[in-house]
Amino acid sequence: MGKPTGFLEFARREPGYRSGEERVHDWRAVERPPMAAEMQEQAARCMDCGVPFCHGCGCPLGNVIPEWNDRVYRGRWREALDLLLETNPFPEFTGRICPALCEGSCVLGLNREPVAIRSIELAIIERGFAEGWMTPQPPSERRRERVAVIGSGPAGLAAAQALNRRGFSVTVFDAARRPGGILRYGIPEFKLEKSVVARRVSLMEAEGVRFENGVVAGEDVSIKFLQDRFHAICLAGGAREPRDLQVPGRELRGIRFAMDYLRQQNCRLDGERIPDAEQIRAEGKRVVVIGGGDTGADCLGTALRQGAASVLQIEILPEPPPTRSPDTPWPAWPLQRRDSSSHKEGGTRRWGISPKEFLGRDGGVVALRAVEVTWKIGPNGRPAMEERPGSGFEVPAELILLAMGFVGPRKGRILDDLGVQRDSRGNVTKDANNMTSVPGVFAAGDMARGASLVVRAMADGLATAGGMERYLDAVEAAHPAVGARAMVARKHVGLNVAAVGAAEEGER
Ligand SMILES: Cc1cc2nc3c(=O)[nH]c(=O)nc-3n(C[C@H](O)[C@H](O)[C@H](O)COP(=O)(O)OP(=O)(O)OC[C@H]3O[C@@H](n4cnc5c(N)ncnc54)[C@H](O)[C@@H]3O)c2cc1C
Ligand code: SF4
């Protein structure tokens, strides 16, 4: 424990944000970088509790938070970095955009503000980059097996990095032009600058990971090609099928999915030319964002930067309490109202609003008709919604963004062609070793757990890499003469072993 009285002496302080008036005119990161001296003081607030709930039940990666807090307080940044990297493959992402589940279960949070864990984490990793400590870590020896990772979001990147460092030859395929998944194409630049993603991808390339972008697995490369060429496959394609809102007027022009809108802005900032007919822009428009979550908040911040005339964000659920709800006692993740940086920049929010109809003129949307709703516990003990009589209203809008979450993996050939089992929501099911119903094919991230968080996708990627290594070790150990690839092909997926051999010959 760095300083036994630290939590009594110092109040929680965070790096904070650039002023709203300034930041809304640019796309740069809204959050200020953490200052080393301030973070050392903040680390001194950690009490090094006997049972550190932050790492035991808060952080999905199991980050050893009290240990690195101690090192930061003592100015031993290099040791803090080594400890952090033992569990967290990409602290530069979580340090910026993790909701900090750890802070929800920090013991200090019982009667004071929790330790500013996320900001300290960011300070450690950025110190690592600034000092030149973040060098490529290629494996000392290469194994003979090749692994394909489909999808380069946080789950795929985490799996790829771990497998490559264990000596496997890893190729990451992604349909998008650049690696990163939602980190690259969903989350706006002002929350996560894309240079941060590119910096990590460069490190991984230097370690030997191969990225094949602009390739749709299952279409541009067939399943047979992948199974012939790779000893194991990790599916990390995310869960981006958006929830739609089927109310009258849905067909009108100007009603778009949030992810299409956010993706386009990220592409625009990357210099991609968007054809005029496909442009989704908020400039001068009255915008309604349907959905009160993070994606909706990202749309709000993006629309403000594009010069929207007004932005209203609506949510069907009631407004959460301002502080931890008694239904989610410590150390659970607290249900409470959260205002993102975008909410502090402008726009209006309303809760308990149910959309009823889109109104249009000449084929384009001009307004949303909605009604207020209240929530009560129904006879079955579950919350039930009731419309408030006479509360109907109309909001003028030329752009409506649907940000109501995701219902499962996007439709595409890969899952059908592979024939992997899926649950009732369409998510890929897997066993305790993270293998799908198709031997040698594994799954990680949102594609298996449903839409979630970056930190969980990363934790999944690491766990899946471990499962793949165990599997390949077992295959190799059982059949050393034949080799893992041929055994996977012959025993399990029914591939033509001759074709596998030919592929290997071709590569030599
Ligand atoms: C707008 C938005 C903002 C968010 N903000 C946050 C946040 O601030 N903090 C947070 O913790 N979480 C946030 N999330 C959630 C988080 O981004 C996701 O949970 C996480 O990215 C899931 O990671 P993943 O690797 O499973 O999938 P994804 O990041 O979705 O990546 C999947 C990748 O697979 C590729 N792919 C899919 N199918 C194929 C195929 N057949 N062939 C080739 N490539 C394929 C896709 O192109 C994509 O690049 C946000 C989500 C959204 C939508
Ligand atoms: S990854 Fe997220 S939950 Fe884990 S320590 Fe960092 S901020 Fe906390």
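The values are calculated or read from the model by the stated rules, or taken from the named source; none is laboratory data. Treat the numbers as computed from the prediction; the structure is a model and nothing was measured. Neighbour counts run over all protein chains shown; Cβ positions are idealised from the backbone, glycine included. Keep in mind that these areas ignore ligands, DNA and RNA; they rest on the heavy atoms of the full protein, side chains included. Shrake-Rupley method; radii C 1.70, N 1.55, O 1.52, S 1.80 Å.
Here are the numbers:
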item: Spans of helices (runs of 4 or more DSSP H) in region 59-103 with at least 1 residues open to solvent by 30 Å² or more (accessible area, probe 1.4 Å) and more than 13 Å from ligand 2 (Cβ to nearest atom); result: 65-73, 77-87
item: Unmet criterion (only one of (1) open to solvent by 80 Å² or more (accessible area, probe 1.4 Å); (2) modelled with pLDDT under 90) for Gly378; result: (1)
item: In region 12-27, residue farthest from Pro331 (Cα to Cα) [restricted to those that are within 26 Å of the chain's Cα centre (by Cα) and not in a loop (DSSP other than H, G, I, E, B)]; result: Arg23
item: Verdict on Ser325 being among the hydroxyl-bearing types (Ser, Thr, Tyr) and surrounded by 16 or more Cβ atoms within 10 Å (Cβ to Cβ); result: no
item: Subset of region 461-479 (residues that are open to solvent by less than 10 Å² (accessible area, probe 1.4 Å) and not small (Gly, Ala, Ser)); result: Thr464, Met468, Leu472
item: Qualifying positions in region 45-58 - open to solvent by 20 Å² or more (accessible area, probe 1.4 Å) and within 13 Å of ligand 2 (Cβ to nearest atom); result: Pro52, Phe53, His55, Gly56, Cys57
item: Number of positions in region 94-114 that are within 16 Å of ligand 1 (Cβ to nearest atom) and in contact (Cβ under 8 Å) with a residue 60 or more places away in the chain; result: 7
item: Restricting region 445-459 to residues that are within 13 Å of ligand 2 (Cβ to nearest atom) and closer than 16 Å to Asn427 by Cα, the residue that is least open to solvent (accessible area, probe 1.4 Å); result: Ala457
item: Residue within region 318-328 that is touching a helix residue (DSSP H, G or I) at 6+ places or on another chain (Cβ under 7 Å) and either of a type in the set (Gly, Ala, Ser) or within 16 Å of ligand 1 (Cβ to nearest atom) (or both) present; result: no
item: Boolean, Arg112 is among the basic types (Lys, Arg) and open to solvent by 40 Å² or more (accessible area, probe 1.4 Å); result: yes
item: Spans of strands (runs of 3 or more DSSP E) in region 289-391 with at least 2 residues closer than 25 Å to Arg263 by Cα; result: 310-315, 348-351, 353-361, 364-377
item: Pairs with Cβ under 9 Å, 6+ apart, first in region 340-359 and on the phi > 0 side of the Ramachandran plot and open to solvent by 20 Å² or more (accessible area, probe 1.4 Å), second modelled with pLDDT of 95 or more and in a strand (DSSP E or B); result: Gly346/Ser310; Gly346/Val311; Gly347/Val287; Gly347/Val289; Gly347/Ser310; Gly347/Val311; Gly347/Leu312; Gly347/Gln313
item: Members of region 83-116 found to be charged (D, E, K, R) and in contact with a Lys or Arg (Cβ under 9 Å, 6 or more places away or on another chain), listed by number; result: Glu92, Arg96, Glu103, Arg112, Glu113
item: Scope region 280-313; condition over 22 Å from Glu22 (Cβ atoms) and of a type in the set (Ser, Thr, Tyr); matching residues; result: Thr295
item: Residue, nearest to ligand 1 (Cβ to nearest atom), within region 397-434, restricted to residues that are in a strand (DSSP E or B) and farther than 30 Å from Arg253 by Cβ; result: Val428
item: Top-ranked residue in region 28-44 [being closer than 24 Å to Val455 by Cα and in a loop (DSSP other than H, G, I, E, B); ranked as least open to solvent (accessible area, probe 1.4 Å)]; result: Val30
item: Test: residue in region 50-63 that is closer than 24 Å to Trp330 by Cα, out of contact with any His (no Cβ under 6 Å at 6 or more places or on another chain) and β-branched (Val, Ile, Thr); result: yes
item: Single unsatisfied condition, Arg425 versus (1) buried (at least 16 other Cβ atoms within 10 Å of the Cβ); (2) under 23 Å from the mean Cα position of the chain (by Cα); result: (1)
item: Scope region 98-137; condition closer than 19 Å to Glu31 by Cα and more than 24 Å from the chain's Cα centre (by Cα); matching residues; result: Ala130
item: Unique residue being more than 16 Å from ligand 1 (Cβ to nearest atom), of a type in the set (Gly, Ala, Ser), at pLDDT below 95 and out of contact with any Ser or Thr (no Cβ under 9 Å at 6 or more places or on another chain) when the list is Gly50, Gly75; result: Gly50
item: So Val365, is it in contact with a Leu (Cβ under 7 Å, 6 or more places away or on another chain) and under 28 Å from Ile182 (Cβ atoms); result: yes
item: Output for region 237-272, where each listed residue is in a helix (DSSP H, G or I), touching a residue at least 24 places away in the same chain (Cβ under 8 Å) and open to solvent by less than 50 Å² (accessible area, probe 1.4 Å); result: Ala258, Met259, Tyr261, Leu262, Gln265, Asn266, Cys267
item: Scope region 273-288; condition part of a strand (DSSP E or B) and either free of Cβ contacts under 8 Å to residues at least 24 places away in the same chain or surrounded by fewer than 23 Cβ atoms within 10 Å (Cβ to Cβ) (or both); matching residues; result: Arg286
item: Residue count for region 431-444, restricted to those that are buried (at least 18 other Cβ atoms within 10 Å of the Cβ) and without any contact (Cβ under 8 Å) to a residue 24 or more places away in the chain; result: 0
item: Residues of region 450-468 that turn out to be at negative phi, in contact (Cβ under 8 Å) with a residue 60 or more places away in the chain and touching a strand residue (DSSP E or B) at 6+ places or on another chain (Cβ under 9 Å), as a count; result: 6
